Each structure stands twice: as structure tokens, then as C-alpha cells.
Amino acid sequence: MTQLPAAVTLSSGLRAEVEEDRWVPGAVQLLVDGTPQSHVNLGDPSELFFEYIRRIGHVIDLFRPGGNPVSALHLGGGAFTLPRYIEATRPGSRQQVIELEGALVDLVREAAPLPKRASIRVRRGDAREVLGRLPDGMRGAMDLVVVDIFAGARTPAHVSSTEFYSLLRPFLAPDGLIVVNAADGAGLPFVRGQAATLAGLFASTAAVAEPQVLKGRRFGNVVFIASDTDLESLDWLPRLLAGGPHPARMLVGREFDDLARGTSPVTDETAVDSPEPARALFERN
């Protein structure tokens, strides 16, 4: 692998760098403030590494079988792991990525260029602000919207509220899916708020994660799925759970309602950043 570019300082003051994966030849990972944020196997972009990314990949695979192009909007760019995955498994897909940090985009493009033939457009700026400038032709046209926004290791409050998701919802196709990555720890206050918010806006919702995370006993990622299609009627949900990573648990229907029970939907006035994970989670030997 050629020499990787030097680390850059983001507008937030955090340090971003790309390093080689010591264990997977040809793979790199993006770290922000020492937190691993993205992993890309440049030799095989269809290989997904992080647990929550693999869960999202399984959602995409079951929702739209491989080989069928999709229209996708990604909020949060990182190292463009999922756009690369979609292009590798569904050539011809049309994708838009919104990423706040221009220096990060330049760093990743230099260290791990996007496929030249891929239809992946990267728009720089704050997700909420850029949503208001997207072409009208994208409204009602997105098969898939992925929300995976982090500043360092935390999701900013202003992209977790009812007002934010209300701006995002009009871009979904009638049978489209929104997939949200939320990280939380003890008691799941942030995750419960996201559950209540999504349930208040969409006809059908689900959550999948490692069981101890869903019980609020361990810090980790919860993947939300929301749609105006009845998710419980879709035969791919059981296969999603069976597909792993394992162990896994899925909450739909009454169990999802229990997750959100007693929690009000998040508004711009009540929104807070997601919690900071313990640094020990990312320490490397």
C-alpha cells in the first residue's frame, strides 16, 4: 500500500487519520480523536468489518437483493464504507453522501479513493442545512436513507430530533427505509429517545443490536429501521436476525413500544448529544 496521508485537524478541533489495518491486507480504518469510525477493505469493499455496519449491510441485502441498483442518501460520510458496499454489490446505484468535514473528505479521498465509475456524489456541509438544498427530484425517490452522524464519538443533538427527521422523511420513496445508527450505554436514554422519535413519525419501526446493549448493560450500537411500510409483515425480518452478527436481538411491535415507553419524542429544545463512550472501549494493544 502506498504511503498514507498525514493526519488532519477537523473544524471541531478533533484529529482525523487513516491507518492500515494490521490484520487485513489492503484494508484501512479511519480514526477521529482516536475513535475508530470507519473500516474499508479496498481489495473487497463488499466485506464489512464493524458489527453495526454489518447489520446495516444485512438490512440493505434483504431489503433490496444484490445486483439491483438503489437510490441512497447517506448522512455522515466517514470513509464511505456503505456507499462503497452498495456500489460493489449493486453497480449502477445512485448515491448521495452528506459530510460536514471537508478536511475529512479530502483525507479519505486521498487515502482511499472512491471507485471512478461509481455514481457517488459527496456534498459538504451540515446535514440539516444541506437537506434544505438537495434537488427537488430527490424527494420521494430514495430507497434508502442511512443516518450515521458522529462528531468524534458522539451524535450531535441537532441531528437526533423530530424536527431533523421531519426534514429527512420527505426524501424517502413510499416503500423506502431509513436506517439510523445510535450509540448508547447504561439505561439507554439516548436510544430510548430515538425510539420514541422515530415511532412518532413513521408507521413502522424496529431495532436490532446485541442483547446486552438492548438491555442497557453494555455500551454499544443500536440499528434502527423505520418505514411507512409495515415492517412486521416483511418476511426478511427473521432472516435479518438470523444473519447476525451474533448474538443479536430484534425489537418490533410491542417490544419496540416497550423500548420507547415512558420517553417523549426528542425535539430541538430537548435534544442532547449521545453519551461519550469510555475511552477503554477503543484502547488498542
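The values are calculated or read from the model by the stated rules, or taken from the named source; none is laboratory data. As the structure is a computational prediction, the values presented were derived from the model and not from experiment. Using ideal geometry, Cβ is built from the backbone for each residue, glycine included, and neighbour counts are taken over all protein chains shown. Quick note on the areas: whole protein, heavy atoms, side chains included, nothing else; ligands and nucleic acids left out. Shrake-Rupley method; radii C 1.70, N 1.55, O 1.52, S 1.80 Å.
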Exercise. Whats the longest run of the chain with zero GluC sites (Glu not before Pro) that are DSSP loop and have at most 11 other Cβ atoms within 10 Å?
Worked result: 1-268
For this session: Using a 1.4 Å probe and counting only protein heavy atoms, arrange Arg239, Arg128, Arg117, Arg261 so the residue with the most accessible area comes first.
Result: Arg117, Arg261, Arg239, Arg128
Seminar exercise, completed: Heads up, the stretch 1-110 by the C-alpha gyration tensor (a ≥ b ≥ c square roots of eigenvalues; a/c under 1.5 rounded, else a/b over b/c prolate, else oblate) looks prolate
Problem set entry | Residue-level accessible surface for Leu198, protein heavy atoms, 1.4 Å, Å² | 0 Å²
Problem set entry | Most to least accessible of Lys116, Lys215 (protein chains only, probe 1.4 Å) | Lys116, Lys215
Problem set entry | In Hz, Karplus ³J(HN,Hα) per residue of the stretch 191-197 (6.51, -1.76, 1.60; θ = phi - 60°; x = Gly, Pro) | 4, 5, x, 5, 4, 5, 5
Seminar exercise, completed: Among (i) 60; (ii) 43; (iii) 48, the value of percent of Cα pairs over 25 Å apart computed for this structure carries the label (ii)
Problem set entry | Computed accessible area, Phe150, all protein chains, 1.4 angstrom probe, square angstrom | 60 Å²
For this session: Using the heavy atoms of the protein chains and a 1.4 angstrom probe, tell me the accessible area per residue for the stretch 98-219 in square angstrom.
Result: 39 Å²
For this session: Return the calculated 222 nm mean residue ellipticity for the chain, to the nearest 500 deg cm²/dmol, obtained by summing -39500 (n - 2.57) across DSSP H runs with n ≥ 4 and dividing by the residue count.
Result: -7500 deg cm²/dmol
Exercise. When only DSSP loop residues count, what chymotrypsin sites (Phe, Trp or Tyr not before Pro) in the stretch 1-82 have their Cβ near at most 14 other Cβ atoms within 10 Å?
Worked result: Trp23
Problem set entry | Charge context of Ala271, other residues only, Cβ under 13 angstrom, K/R +1, D/E -1 | -2
For this session: Could you order Thr205, Thr270 by accessible surface area, starting with the largest, using a probe radius of 1.4 Å?
Result: Thr270, Thr205
Seminar exercise, completed: Using alpha-carbon positions, the gyration tensor of the stretch 84-128 gives root eigenvalues a ≥ b ≥ c; with a/c under 1.5 called rounded, otherwise prolate if a/b exceeds b/c, else oblate, the class is oblate
